[in-house]
Amino acid sequence: MAYAYDPDNIFAKILRGEIPNDTVLETEHSLAFRDIRPQAPTHVLVIPKGSYVSFDHFARDATEAEILDYMRTIGEVCRMEGVEEDGFRLISNAGGHGVQEVPHLHVHILAGRPLGRMLQPA
Ligand code: AMP
């Protein structure tokens, strides 16, 4: 499958410095910043700097250095935010059924209160 990456998506603009963001952590290959519409007391987005649409795109095409950096950054942000003890949730929406709003891979780190069941009944 060919993944079509839209370079005008809002996270690409953040990475180019065209739109401000509330950075939590920046590494060689990843950027973590606060979600503009937080849905929990802690709501941080972690994105790779590379042009990947979704988790499956990243898992297939990213370099080992990018994947290692991304995974370590997600864990590091959890520790920085102090959520590893009480718990947290990682979500990565993809595509239409996943209701992905921004077509650049991101993991949501949600924490700071009991988050309820993972999905509401359809
Ligand atoms: P998703 O539905 O998984 O694609 O979620 C995209 C997320 O990006 C939403 O939670 C938005 O609130 C968030 N978002 C959109 N624009 C920005 C922005 N400029 N800065 C930070 N978060 C944003």
- Task: Could you check how much of the accessible area of the stretch 10-111 is carbon and sulfur, as a whole percent, using a 1.4 Å probe?
- Result: 52 percent
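Report, to one decimal in Å, the Kirkwood hydrodynamic radius for the stretch 10-111 based on all distinct Cα pairs.
Values: mean 1/r = 0.0730 Å⁻¹.
Mean inverse Cα-Cα distance, inverted, gives 13.7 Å.
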- To the nearest 10 degrees, how steep is helix 64-80 against the longest Cα principal axis of the chain, on a 0 to 90 scale? 30 degrees
- Item | Leading residue at positive end of dipole, the stretch 10-111 (Cβ point charges), from Val99, Phe33, Cys78 | Val99
- Message: Can you tell me which of Thr63, Thr73, Thr42 moves the most in a GNM of the chain? Springs connect C-alpha atoms under 10 Å apart.
- Response: Thr63
- Message: If you filter the stretch 1-91 for GluC sites (Glu not before Pro), then keep DSSP loop positions with at most 13 other Cβ within 10 Å, what is left?
- Response: Glu18, Glu28, Glu84, Glu85
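Provide the per residue accessible area, probe 1.4 Å, for the chain, rounded to a whole number of square angstrom.
Working: 7590 Å² over 122 residues.
Dividing the accessible area of the chain by its residue count gives 62 Å².
Under a Cβ-Cβ cut-off of 14 Å, what is the net charge of the residues other than Arg37 that fall near it, where Lys and Arg count +1 and Asp and Glu count -1? Provide the component values of the computation, followed by the final result.
On the way: positive: Arg34; negative: Asp22, Asp35, Glu101.
Result for the neighbourhood of Arg37: -2.
May I ask you to derive the relative contact order of the chain, considering only C-alpha pairs under 8 Å and at least 6 residues apart, and to give it as an integer percent? Kindly include the intermediate steps, with their values, before the conclusion.
Details: 178 pairs, mean separation 36.7, N = 122.
RCO, the chain: 30 percent.
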- By the scheme Lys and Arg +1, Asp and Glu -1, what is the net charge of all other residues having a beta-carbon under 11 Å from that of Pro103? -3
- Message: With θ taken as phi - 60° and the coefficients 6.51, -1.76 and 1.60, list the Karplus ³J(HN,Hα) couplings across the stretch 88-94 in order, rounded to whole Hz; mark glycine and proline as x.
- Response: 7, 10, 9, 10, 10, 7, 9
- Message: How much length would be gained if the chain were fully extended between Met118 and Asp8, taking 0.36 nm per residue of separation minus their Cα-Cα distance, in nm to one decimal?
- Response: 36.5 nm
- Residues with amide H under 5 Å of Ser30's amide H, sequence separation 5 or more or different chain, H placed in the peptide plane at 1.01 Å from N; which? Lys49
- To the nearest 20 debye, what charge dipole does the stretch 1-94 have about its Cα centre, counting +1 at the Cβ of each Lys and Arg and -1 at the Cβ of each Asp and Glu? 200 debye
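The values are calculated or read from the model by the stated rules, or taken from the named source; none is laboratory data. For clarity, every value in this text was computed on a predicted model and none was experimentally measured. We place every Cβ from the backbone using ideal geometry, glycine too, and count neighbours over all the protein chains shown. Side chains are part of the model used for accessible areas, which takes the heavy atoms of the whole protein and leaves out ligands, DNA and RNA. Shrake-Rupley method; radii C 1.70, N 1.55, O 1.52, S 1.80 Å.
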